[in-house]
1. Within the range 1-43, track down each residue that is under 30 Å from residue 142 (Cα atoms) and part of a loop (DSSP other than H, G, I, E, B).
2. Failed condition for residue 139, given (1) loosely packed, with under 14 Cβ neighbours inside 10 Å; (2) within 17 Å of residue 79 (Cβ to Cβ), with all others met?
3. Run residue 53 past the list (1) at pLDDT 95 or above; (2) away from the ligand (no atom under 16 Å from the Cβ); (3) surrounded by fewer than 18 Cβ atoms within 10 Å (Cβ to Cβ) and report the number of the one that doesn't hold.
4. Going by the structure shown, is residue 111 touching a helix residue (DSSP H, G or I) at 6+ places or on another chain (Cβ under 7 Å), under 30 Å from residue 20 (Cβ atoms) and surrounded by 16 or more Cβ atoms within 10 Å (Cβ to Cβ)?
5. Could you say which residue among 18, 36 is buried (at least 20 other Cβ atoms within 10 Å of the Cβ) and either within 19 Å of the chain's Cα centre (by Cα) or away from the ligand (no atom under 16 Å from the Cβ) (or both)?
6. Any residue at all in the range 60-74 that is within 8 Å of the ligand (Cβ to nearest atom), free of Cβ contacts under 8 Å to residues at least 60 places away in the same chain, within 11 Å of the chain's Cα centre (by Cα) and closer than 12 Å to residue 108 by Cβ?
7. Cβ-Cβ distance below 7 Å, separation of 6 or more or different chains: which pairs start in the range 167-188 with a residue that is in contact (Cβ under 8 Å) with a residue 60 or more places away in the chain and under 15 Å from residue 44 (Cα atoms) and end on one that is within 11 Å of the ligand (Cβ to nearest atom) and in a strand (DSSP E or B)?
8. Give the number of residues within the range 189-201 that are touching a residue at least 60 places away in the same chain (Cβ under 8 Å) and either under 18 Å from residue 58 (Cβ atoms) or within 13 Å of the ligand (Cβ to nearest atom) (or both).
Ligand code: ADP
């Protein structure tokens, strides 16, 4: 079992600055938009474009991206089901802290298991976590193959590859679905931006 508490006699130490204070300073409300979808579906591309547009319009946003996190915080984790679960748990904890700091956090992780995404949601206060399903068919992802990973997975060079040799569980009830196949990148990002706007996170 991952993520079990090993220490006792630990309690949360509150500071003198509240999340409300930070949000007033930033003139926005913190939230986490959890993008999920197959490799190549467009999660990173949409997150990076949305982050750029948010920052250009004066908002504090930050992308947590799969490959980046695996180079540091989670470099001890692989792609077994247990490691994927621990990967998501740690990222959710980091995203929660960043949300508490008042940022608009965009996470770009395949996060293939429903239970892991639900566990991530559970870590957050209500109304701060939103699941966005980047809905792109396996066929299209494989045709895009932006990092050449599908070719390697098909030839057996990458084991446990989501969609090929490991499962992807489609979200049952995501807050947002972005169907990228008939969209250009800007249009996908605009769908995410309008969602963030419509939730009121860009008002102080
Ligand atoms: P992921 O992060 O889900 O693994 P990437 O963002 O790395 O996927 O790759 C998605 C690829 O699909 C990029 O090459 C991107 O340019 C392309 N793409 C084409 N159309 C779209 C779209 N409408 N939205 C997002 N990405 C798109």
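1. So the first thing to find is which residues in the range 1-43 are under 30 Å from residue 142 (Cα atoms), and the list is 32-43.
Matches in the range 1-43: 37, 38, 39, 40, 41, 42.
2. The single condition residue 139 does not satisfy is (2).
3. Tallying (1) at pLDDT 95 or above; (2) away from the ligand (no atom under 16 Å from the Cβ); (3) surrounded by fewer than 18 Cβ atoms within 10 Å (Cβ to Cβ), residue 53 fails exactly one: (2).
4. Numbers: touching a helix residue (DSSP H, G or I) at 6+ places or on another chain (Cβ under 7 Å): yes; under 30 Å from residue 20 (Cβ atoms): yes; surrounded by 16 or more Cβ atoms within 10 Å (Cβ to Cβ): yes.
Answer is yes for this residue.
5. Values: 18 fails: buried (at least 20 other Cβ atoms within 10 Å of the Cβ).
Only one candidate qualifies: 36.
6. Taking every residue of the range 60-74 in turn, at least one turns out to be within 8 Å of the ligand (Cβ to nearest atom), free of Cβ contacts under 8 Å to residues at least 60 places away in the same chain, within 11 Å of the chain's Cα centre (by Cα) and closer than 12 Å to residue 108 by Cβ.
7. Sorted first by the residue in the range 167-188, then by its partner, the pairs are 178/134; 178/135; 180/134; 188/178.
8. Here is the first cut: in the range 189-201, the residues touching a residue at least 60 places away in the same chain (Cβ under 8 Å) are 189, 192-193, 195-196, 199-201.
Still in the list and also either under 18 Å from residue 58 (Cβ atoms) or within 13 Å of the ligand (Cβ to nearest atom) (or both): 189, 192-193, 196, 199-201.
Selection size over the range 189-201: 7.
The values are calculated or read from the model by the stated rules, or taken from the named source; none is laboratory data. Remember, predicted model here, so these are calculated numbers, not experimental data. Note that we place each Cβ from the backbone using ideal geometry, even for glycine, and neighbour counts take in every protein chain shown.
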